[in-house]
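Okay, so here's the structure we're looking at.
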Amino acid sequence: MVYLTGDTHGDIERFKHGKLRWLGKRDVVIVLGDFGFVWDGSKEEQKKLDWLRKRPYTLLFLDGAHENYDLLAQYPEEELFGGKVQALGGNVYHVCRGSVLTLEEKKYLCFGGAESPDREEREPGVNWWPQEMPSDEEYASCEQSLAANNWQVDYVLTHDAPSKFLDFSALAAGESNRLHLFLDKILLKMQYEKWFFGCYHKDAALSTKSRCVFCDVIPMK
């Protein structure tokens with residue numbers, strides 16, 4: 001079965017307790033950004049990654065605002081579940097932006113990235129990377145993937161959310177950025193069953209078709 005959860009920020013305890021502890025070889029876990037286990041390259045971090053690599057299930061993650069994109073870029077790209085991923089070893093993979101994955105006969109559009117609200121206080125290359133926001137090529141790749149699927153998927157998985165979701169909730173304040181507007185654009189063009197996103201550290205259903213995920217572990221039945 002496929003399971004979704006929200007931002008983990010390098011916290012291994014999410015995987016050691018609760019539902020995730022009992023998953024097996026046929027299961028897939030998807031973290032909706034801010035994975036946080038590719039951050040400082042320390043021995044402690046590598047120890048955590050090694051532990052995750054040994055889990056029986058497949059672990060996929062979207063990128064968020066708090067990943068070390070220089071470290072992430074070192075991992076090789078390959079194709080998995082019909083989309084583009086980076087292999088981190090074992091059963092751990094980063095899902096590249098714009099990939100449409102086919103899992104248990106369902107199609108998942110995956111698109112990471114977000115803008116750090118505190119980026120002015122962060123140091124480039126140390127705890128902030130401009131790659132947190134998608135590039136022109138990544139936006140184009142996402143639209144190409146959707147076009148190849150006739151603009152129809154079962155589920156949409158993102159780290160941030162369309163401004164249309166945020167405007168009608170108490171999740172975020174401030175002006176919309178380019179990513180929000182891009183997600184608005186594809187929201188209007190495509191057909192989908194449900195949209196899941198992380199980023200806002202809350203577990204909340206915004207509507208029957210949209211849900212913010214943090215600590216919940218959601219089985220995709």
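Hey, among Phe165, Phe197, which residue is modelled with pLDDT of 95 or more and surrounded by 16 or more Cβ atoms within 10 Å (Cβ to Cβ)?
Phe197
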Contacts under 9 angstrom Cβ, first residue in region 192-209 being closer than 17 Å to Asp63 by Cβ and hydroxyl-bearing (Ser, Thr, Tyr), partner part of a strand (DSSP E or B) and modelled with pLDDT of 95 or more, 6 or more apart: Tyr200/Cys212
Residue satisfying all of: in region 41-66; part of a loop (DSSP other than H, G, I, E, B) and either modelled with pLDDT of 95 or more or of a type in the set (Phe, Trp, Tyr) (or both); nearest to Ser116 (Cα to Cα) among these: Gly64
Checking Lys185 against (1) within 25 Å of Val29 (Cα to Cα); (2) surrounded by fewer than 16 Cβ atoms within 10 Å (Cβ to Cβ); (3) modelled with pLDDT of 95 or more, the condition it does not meet: (1)
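Looking only at residues that are charged (D, E, K, R) and more than 19 Å from the chain's Cα centre (by Cα) in region 20-47, which one is farthest from Gly89 (Cα to Cα)?
Only one residue fits best here, namely Arg21.
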Total residues in region 67-103, condition in a loop (DSSP other than H, G, I, E, B), touching a Gly at 6+ places or on another chain (Cβ under 9 Å) and at negative phi: 5
Cβ pairs under 6 Å, 6+ apart, first in region 91-102 and of a type in the set (Lys, Arg), second assigned to a strand (DSSP E or B): Arg97/Phe111
Failed item in (1) in contact with a strand residue (DSSP E or B) (Cβ under 8 Å, 6 or more places away or on another chain); (2) of a type in the set (Asp, Glu); (3) more than 21 Å from Tyr192 (Cα to Cα), with Asp34 passing the rest: (1)
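Conditions (1) within 24 Å of Pro219 (Cβ to Cβ); (2) surrounded by fewer than 20 Cβ atoms within 10 Å (Cβ to Cβ), marked per residue:
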position	(1), (2)
Val38	no, no
Lys47	no, yes
Trp51	yes, yes
Pro56	yes, yes
Gln74	no, yes
Residues located in region 204-221, provided they are more than 16 Å from Leu166 (Cβ to Cβ) and not polar (S, T, N, Q): Cys215, Asp216, Val217, Ile218, Pro219, Met220, Lys221
In region 14-36, residue surrounded by the fewest Cβ atoms within 10 Å (Cβ to Cβ) [restricted to those that are in contact (Cβ under 8 Å) with a residue 60 or more places away in the chain and assigned to a loop (DSSP other than H, G, I, E, B)]: Asp34
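The values are calculated or read from the model by the stated rules, or taken from the named source; none is laboratory data. This structure is a prediction, so every number in the text was calculated from the model and none was measured. Heads up, the Cβs are rebuilt from the backbone with ideal geometry, glycines too, and the neighbour counts pull from every protein chain shown.
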